[in-house]
Structure formats: structure tokens, C-alpha cells
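Chemist: Encoded as C-alpha cells, here's the structure I'll be asking about.
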Amino acid sequence: MKKIVGVAICLVLLVTTSALAGGGQEGAAAKPVTIMLRASSKPGLEKIMEDYIAKYPERQVEITRVPIQNYFEQVSVVHASGTASDMWEYWGVETGGYYVDKGFTADITQWGKDHNWDTKFSSASLKQFNRQGVQYGMPLTMHAMFLFYQKPMFQKYGMTVPKTYKELISIVDKFKANGISPFSVGAKDKWHLMRITDSLFEKYCGPKLRDELLVFKTTWIRPEVINIYDELRRWGEQNYFNPGYLGVLQREAKILMYQGKTGMILEGEWWEKNCTDDGQDPSIYDFFIFPTDWPENRTSVFCEGWLFNGKSDNVPAALEFGEFYTSLEEQKKYVMDLAPPSAVLGVSVPAEYKIMNKVIGMFPTLNAFAVTDQGMPPGLWEEYAFVQENILTGNMTSQEGAEYMEEKGKEGMR
Amino acid sequence: MTSSTNKKLFDPVKIEPWLYLSPAILLYALILFYPVIQSIVLSFYKWDGMSAFKEFTGFNNYRILFFKDPVFWISLKNNTIFMVTFLLVTNSVCLALALILNRPFSGRVVFRGIFYFPYVISMIAVALIWGWMYHPQLGLINELLRAVGLESLGRTWLGDLKTAFASVIVTASWKAIGIGMVFFLSGLQTLPVSPYESAKLDGANAIQSFFYLTIPFLRETFVIVITLTVISSFKVFDVVYAMTWGGPMRATNVLATWMYFQSFRNHNAGSGTAIATLLVIIMCAIAIPYIMLMSRRSVSSQ
């Protein structure tokens, strides 16, 4: 009996001590600003944090880095469990818009106005984080997609930068005639193949229709979509892509480009830094916008930014840190550690990054469309990727592909 | 009530063990039972996995899985193929290896180590290595086939519908052979010697000894290996996720990966938890009767 009472008392003490251990933080220093971002992203953040704390010793910042493979899942889990950080790195358009619609983001429109964001950030990047007039994100970077090629290879085969889609196809045919796969694609990373499909959508639909299709504002069962899928299938049948592209990752596909086994690759301006990091010579590469035969000749663009937790009471402090992070001084100081190009106007990169500087120079006049994996509602872009694969393997006809997308758009995946 | 009745209700001898077990039971309940029950309950809701609002939809998630979700049936088929392949092929290889490495010969310890080694590598690392080996242009497999003049046999192993899932199974088998071999080896080492001597005296050959002595003696080992094979076949996730991400065209999805994508990528937690519930039911439906049957046979043979 004594033993039982003794054990019971121990249990009660154990439970009580555990319950009390978590508390006791009342009356401590100002709440730290908590930030979540990808593990591989923006190594300069910690450096900026140090500068911030040096300037404001009473303030604190806590950073959590999550592996990229799990990042989307982690973001949704922390919001579902109410443990989301004050601010987190994310993308805009429909990807970030999903969190706006669910009420997880703070409305920072007034903050943006008070801090002159219209002169601080590029308008294209601000637009990516604006949903029906509500500014919900602070832009950090802006990236654009281009077709990169090796200049020596173009010279060798007497090619010039194509201005029209027809000229692009004639270059493709020349590459094929010389035993070189025209495009390097790692379709196992669906978004890499998606860039090609997106470009064909832009070409056959034009800006207005393409933007409407992206958010299912119009029917997908239409001749333009059928033509796109017919053309995509033709690209696959005519071996425009590297052999075995369906089983290859993007990081494997770029090696084929380095080896000169493929002619072109649809990548972002980071291609230059990739080359440098991979021990390749970036100076042999140049780029052009995928010709779509429309006056706007848009290219796909996406931005990264900070989103702010609408359920946090620490958003003002988080915004203060965000402003410091995106100040011209800090952005210029650590530019190459912040995944440039910066969305902050006036931030250039070192002169040796010729391609990146060229792209930054283009930004003010660049016409852009959102990449599908961010511009389409979450879940629906997976269906877009599913259809593109089925079209290329002949498992779906173009009509079936269009009908499938129409059906999925109606069902909605939210 | 009398004091003797009170004693029966509050018998210290009977209650004491439960008191000592209670912290573990509480922990188990919190981290296992509660999430499982909650998961089953969530399978009756339409929920995006984040919002506070959940809509009760009854069996709708299950109805959609069974009648409107082709990927569910592809995943179930793939899990079944995985299980059958592992049961018939992989385990046979494990047993064969164990039989060979149970014989005394110099260097057998080294060979045991070599065959066991893949098991200690993490599955993600294995998937990355084999992913490179399967590369259509730069991979070892197609390169070797080219070198011996069999270029026509080269494939887009992970990008071709016909070969993608088989390629994943080969990778998973390569990794799992070591542990199966170890189980069978430990079983073989407990076999009594005298029945084999008697059988030899009676004129039985090696094959007859194997089927009439070794297999029956290894019954307990088979129970363990088969049960673990069934469970691991249905909960397989990492090798598919790392090698193919369920593609191409969702054709290599298994139930665990489809559950993951539905829950976390498609914001369809109701469907994801329904798949999880079905997964548990399927595994129990296969494993429990088998274990009970084997246990009954084991008791009756004693």
C-alpha cells in the first residue's frame, strides 16, 4: 500500500513539474522576430541579422531553416498547428495567394504605402505579392526565364538569335541535323518541363488568354489549347529534348548542356552563377527570350518574398526587420549572398556577373507572365504537369488533355 | 460492502504493475493512439490541412478514392506488386544467400558483411546512387550495356512507364536483401543437427532435406520475415519519393506517397487520412490472420 502511494505521489510530481517547466518566460526581453526559410536560401540572412542586432541590441531575431524538399509541407503544417513564424520566405501569385485566401497572412498595404514601396521595389515584384489590392508580401528577389545557349556552338553552326518562333524552330532543326539535342530538359522535375509548356501557351494563346487560362477564368476546351498540346507532342516526337528526358532531373539535364550534348536550356538568370559554382565558364553563354510572336514577347518571371503571419502579434517588429533586410545598404552589402537579382531597385551585382547585370538592366522594361507552378491555384498546377507528361507520352490526346484540365479547374483542388 | 469485497476492487498486487506502466501508456496514447484516432476521424471531413474550418462529409472521401481516384488504384496495385515481388523473389534470394553463407568456407564473414552493407545505408542515399545509375545518358547501367554491345537494351529506366516501377523495386530489393539474409541466417543457426543426420541415413538428398526439414524448421523465421515484408511493402515511401516522386505520370505512386501528396501538396487532408486509414486496415487484414494462423500451427505442432 505504501509503495502504491509512493508511486502515485511520484507520478503527480512528475506531471506537475513537466507542466510548469514550459512557462516562466513572463516579463522577459522583447519578443524575438521569428523567421522561417529554406535551408539553402539566402545565406546572407544571418549576416543581415547580425547587422540588425548590432544596430538594435534590444531586438532579437530567430531563424529556422527547413530543407527545400519539405518546405511547402512544413509551411502548411506550421500554419495548421498555429506555430507559424512571424514571417516566412515564400512565393507570390497563387502560391502565396492561397495563404491570403485562408487568412494566414497580414495585410501590409498601409505599411507599404507609408514606407514608399512603390519607389523602393520594382512594380512587377510588388504585383506578384498583391492580391486584389491587398499587399501581403514584401518582395525580395525577382527572377526571369530565358533560353541559354553556348555562343561558340551558335557560331559553329551559323545560328543567330531567333526573333520569331519559326526562326527558333529552324535553329532546333539545325541542332538536330548536327546530332545535338536542341533542348536540355529534366522532366522528372516537372517544373523544368513546365517552362517549355508555359512558353508554348504564351505563344499560342497570347498574354490575355494565357493569364485567363491560368486561373481558369475561361474554358480550356478551345483550339488554342489543342494546338499547344499538338505542338508539345510534336516536340517530343521530333526529339527536341535530350533522350530520356522524362527520367532526368533538372540538375542532371544541365550537365548535358555543359558537355555540349544539348543546344539550349530554359533557365533563370541564376544560370551564370550555377556555371561558376559548377566550375564551368559562364562567359561562353548568352541568352534570349523564348520568341512567342506577340508584341509583348513576355517571359516567365517569379519572385520570392517575405510573407507575414496574420495571426501573430509581432508583425510590426517583423516588418521592421523586413525593412532593414531590404534596405539598399544591406542589399548592396550582401548582394551575392541573397540570391540576386534583388527586387529592391538600385541593387546591382558585381561587374563580373555579365549575364545577371544584363538581366537586371532588362527588368524595368521586361514584360512578364507568372510561371504556372505559382500562377495556378495549388493542386491544379500538379494536374497541368500531369497532362504535359501524358501528352508527350501519347497517353492523352490533345482534346483529352484540354478536357481533363477543364474538369479539374471546375472541381478545384482547394 | 464488506472489507473482503473492497480488497477485490482495490487489490494492490493487481494495480501496482499498471501504475508503473502508466507513464509509458500515457506517452503511447498521446503519440500513437490519439493521432491515429484523430486521423481516422479526419478522414470523414473535407479539410485542406490548414484552415480552422472542416466540413463533415461522411464517407465521401472514401467514395472518391474508390470510384473517382485512379491514382488510388494505381498506388494499391503498386503496393501489391511490391509485396508479391518481395515475398516471392527478394525473400527467396535472401534465403538462398543465407543457405550459402551458412556453410563453412573461408571469407564467409566478409561476404556476409558485403551483402548486409546496403541495408545500413540510408534509403535516400541509396535512391540517389541508383538514380544516377539509371540515368539514360550518364548512368552506369546504360553505359555498361553500351560497352557490351547491348545498347538496344538501354532504357529511360525511371522515365519509362514500363520500367520505372520495376527499377524502384530493384533498388529497394538491393537494399533489403541484407536484413532478410540476416533473419534467415539466424534461423538456420538454430536448426537441430540430428534430423538432418537421420534424413541422410534414410537416403534423403539435399533438396528433400531442404523442403522437408529446413522449411518447416524455419516456420517461425518465415512468420517474422513475411510479416515484416507485408508491412514494409505497404508502408514503402522513401524509395519512391526519392527516385521518381510518384512519376512518371503518377504511375509509380504507392499508397504512402499518394497519401503524402494529397495531404501536403494538394491540400486534401481528408483524402490523405482516408488513404492512411485504408492502409492500416489493409496491412492488418493481411498480417493479423497470417500471424494467427502460423501461431495456431506452431502450437498444434508442439
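Chemist: About the Cα centre of chain A, what is the dipole size in debye to 20, counting +1 per Lys and Arg Cβ and -1 per Asp and Glu Cβ, all else neutral? Mind dumping the intermediate values first?
Modeler: Working: 43 positive and 52 negative charges, 85 e Å.
Charge dipole, chain A, about its Cα centre: 400 debye, nearest 20.
Chemist: Under 21 Å Cα-Cα from A:Lys176, which lysines qualify once same-chain neighbours fewer than 8 residues away are excluded?
Modeler: Here the lysines satisfying the reach criterion relative to A:Lys176 are A:Lys151, A:Lys156, A:Lys163, A:Lys166, A:Lys254, A:Lys261.
Chemist: Farthest toward the dipole's positive end in the protein assembly as shown, which of A:Gly158, B:Asn268, A:Gly179, given Cβ charges of +1 (Lys, Arg) and -1 (Asp, Glu) about the Cα centre?
Modeler: The one lying farthest along the dipole's positive direction is B:Asn268.
Chemist: Find the centroid of the Cα atoms in region A:183-255 and in region A:356-412, then give the distance between the two in whole Å.
Modeler: A separation of 7 Å, based on Cα centres.
Chemist: Once every DSSP H run of n ≥ 4 in chain A is given -39500 (n - 2.57) and the sum is divided by its residues, what mean residue ellipticity at 222 nm do you get, rounded to the nearest 500 deg cm²/dmol? Write out the running numbers ahead of the final one.
Modeler: Numbers: 19 runs with 199 residues, N = 414.
It comes out at -14500 deg cm²/dmol, rounded to the nearest 500.
Chemist: Roughly what angle does helix A:165-177 make with the longest principal axis of chain A, taking Cα atoms, 0 to 90 degrees, to the nearest 10?
Modeler: Compared with the principal axis, the helix lies near 80 degrees.
Chemist: Running Debye on the protein assembly as shown with equal point scatterers at the Cα sites and no solvent, what base-10 log of I(q)/I(0) appears at q = 0.06, 0.08 Å⁻¹?
Modeler: -0.47, -0.80
Chemist: In µm²/s, what is D for chain B at 4 °C and 1.567 mPa s, where D = kT/(6 pi eta Rh) by Stokes-Einstein and Rh is the Kirkwood radius from Cα pairs? Don't jump to the answer; show the numbers that get you there.
Modeler: Working: Rh = 23.1 Å.
Rounded, D is 56 µm²/s.
Chemist: Averaged across A:239-249, how many Cβ atoms of other chains sit within 10 Å of each residue's Cβ atom? Walk me through the numbers before you get to the answer.
Modeler: Numbers: counts 0, 0, 0, 2, 6, 14, 4, 10, 18, 10, 5.
Partner Cβ neighbours, averaged per residue: 6.
Chemist: Looking at region B:86-129, which chymotrypsin sites (Phe, Trp or Tyr not before Pro) are DSSP coil and have at most 14 other C-beta atoms within 10 Å of their C-beta? Intermediate values should be presented prior to the final figure.
Modeler: On the way: sites: B:Phe86, B:Phe105, B:Phe111, B:Phe115, B:Tyr116, B:Tyr119; in loops: B:Phe105.
Loop-located and lightly packed - B:Phe105.
Chemist: With Cβ to Cβ distances under 15 Å as the rule, what net charge do the other residues near A:Leu345 carry (K, R +1; D, E -1)? Please list the in-between numbers first.
Modeler: On the way: positive: A:Lys120, A:Lys127, A:Lys332; negative: A:Asp118, A:Glu323, A:Glu329, A:Glu330.
Here the charged neighbours net out to -1.
Chemist: Still on this structure, please answer the following. What is the magnitude of the charge dipole of the protein assembly as shown about its Cα centre, with +1 placed on the Cβ of each Lys and Arg, -1 on the Cβ of each Asp and Glu, and no other charges, expressed in debye to the nearest 20? Numbers along the way, then the final one.
Modeler: Details: 65 positive and 64 negative charges, 422 e Å.
So the magnitude is around 2020 debye.
Chemist: Skipping prolines and chain starts, which residues have an amide H placed within reach, meaning under 5 Å, of the one on A:Val33, given they are 5 or more residues away or on another chain?
Modeler: So A:Val33 has HN proximity to A:Gln60, A:Val61, A:Glu62.
Chemist: Under 1.5 on a/c is rounded, so check that first for region B:194-263, then, if it is not, pick prolate when a/b is larger than b/c and oblate when it is not; a ≥ b ≥ c are the square roots of the alpha carbon gyration tensor eigenvalues.
Modeler: Numbers: a/c = 6.49, a/b = 3.68, b/c = 1.76.
Judged from the Cα gyration tensor, region B:194-263 comes out prolate (a/c at least 1.5, a/b above b/c).
Chemist: Also, quick follow-up: What are the semi-axes of the equivalent ellipsoid of region A:175-216, taken as the square roots of 5 times the eigenvalues of the Cα gyration tensor, listed largest first and rounded to whole Å?
Modeler: Numbers: eigenvalues 139, 40, 4 Å².
Each semi-axis is √(5λ); the values are 26, 14, 4 Å.
Chemist: Between the helical axis of A:315-325 and the dominant principal axis of chain A, each derived from Cα atoms, what acute angle in degrees is found, rounded to the nearest 10?
Modeler: 50
Chemist: For region A:222-320, what does the alpha-carbon gyration tensor say about shape, rounded, prolate or oblate, given a ≥ b ≥ c as the root eigenvalues, a/c under 1.5 as rounded, and a/b over b/c as prolate? Before the final figure, lay out the partial values.
Modeler: Values: a/c = 2.20, a/b = 1.42, b/c = 1.55.
Oblate, since a/c reaches 1.5 and b/c is not below a/b.
Chemist: As a check on your grasp of the helix formula, calculate [θ] at 222 nm for chain B: sum -39500 (n - 2.57) over DSSP H runs of n ≥ 4, divide by the residue count, round to the nearest 500. Let's see the in-between values first.
Modeler: Working: 16 runs with 201 residues, N = 302.
Mean residue ellipticity, 222 nm, calculated: -21000 deg cm²/dmol.
Chemist: Compute the Cα gyration tensor for region A:108-223, then decide on rounded, prolate or oblate, letting a ≥ b ≥ c be the square roots of its eigenvalues: rounded whenever a/c is under 1.5, prolate when a/b is larger than b/c in the other cases, and oblate in all that remain. Provide the component values of the computation, followed by the final result.
Modeler: On the way: a/c = 2.84, a/b = 1.82, b/c = 1.56.
Taking the square roots of the gyration eigenvalues as a ≥ b ≥ c, region A:108-223 is prolate.
Chemist: Measure nothing but the geometry: give the 0 to 90° angle between the long axis through the Cα atoms of A:398-411 and the longest principal axis through the Cα atoms of chain A, rounded to 10°.
Modeler: 20
Chemist: Could you count how many Lys pairs in region B:64-301 have their Cα atoms under 29 Å apart, skipping same-chain pairs fewer than 8 positions apart?
Modeler: 9
Chemist: What do the square roots of 5 times the Cα gyration tensor eigenvalues come to for region B:125-252, in whole Å, largest first, as semi-axes of the equivalent ellipsoid? Can you show the working numbers first?
Modeler: Values: eigenvalues 316, 75, 26 Å².
With the √(5λ) rule applied to region B:125-252, the semi-axes are 40, 19, 11 Å.
Chemist: Further question on the same structure: Neighbour counts of other C-beta atoms within 10 Å: give me B:Thr57, B:Thr85 arranged from fewest to most.
Modeler: Values: B:Thr57 16, B:Thr85 19.
Placing the least packed residue first, the sequence is B:Thr57, B:Thr85.
Chemist: If only Cα atoms are counted, what is the Rg of chain A, and what is its Dmax, in Å?
Modeler: Both quantities, over Cα of chain A: 24.6, 97 Å.
Chemist: Count neighbours as other Cβ atoms within 10 Å of each site's Cβ, and list the trypsin sites (Lys or Arg not before Pro) in region A:263-366 that are DSSP loop with at most 14 such neighbours. Kindly include the intermediate steps, with their values, before the conclusion.
Modeler: Working: sites: A:Lys273, A:Arg298, A:Lys311, A:Lys332, A:Lys333, A:Lys354, A:Lys358; in loops: A:Arg298, A:Lys311.
Sites meeting the loop and neighbour criteria: A:Lys311.
Chemist: Where a Cα-Cα gap under 27 Å defines reach, which lysines qualify for A:Lys113, not counting those fewer than 8 residues away within the same chain?
Modeler: Straight-line reach from A:Lys113, under 27 Å: A:Lys31, A:Lys42, A:Lys55, A:Lys102, A:Lys127, A:Lys311, A:Lys332, A:Lys333.
Chemist: How high is the relative contact order of chain A, given as a whole-number percent (alpha carbon pairs under 8 Å, six or more residues apart)?
Modeler: Working: 637 pairs, mean separation 106.4, N = 414.
Value for chain A: 26 percent.
Chemist: Once the mean 1/r over all distinct Cα pairs of region B:133-179 is inverted, what Kirkwood radius in angstroms do you read off?
Modeler: Working: mean 1/r = 0.0891 Å⁻¹.
So the Kirkwood estimate lands at 11.2 Å.
Chemist: Using a simple spin-label model with points 7 Å from Cα along the Cα→Cβ vector, what separation in nm is obtained for B:Leu191 and B:Ser209?
Modeler: If labels sit at B:Leu191 and B:Ser209, their model points lie 0.8 nm apart.
Chemist: Within 10 Å of each Cβ of B:50-58, how many other protein chain Cβ atoms are there on average? Walk me through the numbers before you get to the answer.
Modeler: On the way: counts 13, 7, 4, 1, 0, 0, 0, 0, 0.
Shielding by partners across B:50-58 averages 3.
Chemist: Among the trypsin sites (Lys or Arg not before Pro) within region B:111-168, which fall in a DSSP loop and have no more than 13 other Cβ atoms within 10 Å of their own Cβ? Please list the in-between numbers first.
Modeler: Details: sites: B:Arg112, B:Arg146, B:Arg155, B:Lys162; in loops: B:Arg155, B:Lys162.
Sites meeting the loop and neighbour criteria: B:Lys162.
A short reminder: the numbers here are calculations on the coordinates, not readings from a lab. The model shown is predicted, which means the values in this text are computed figures rather than measured ones. Glycine also receives a Cβ, built like all others from the backbone with ideal geometry; neighbour counts cover every protein chain displayed.
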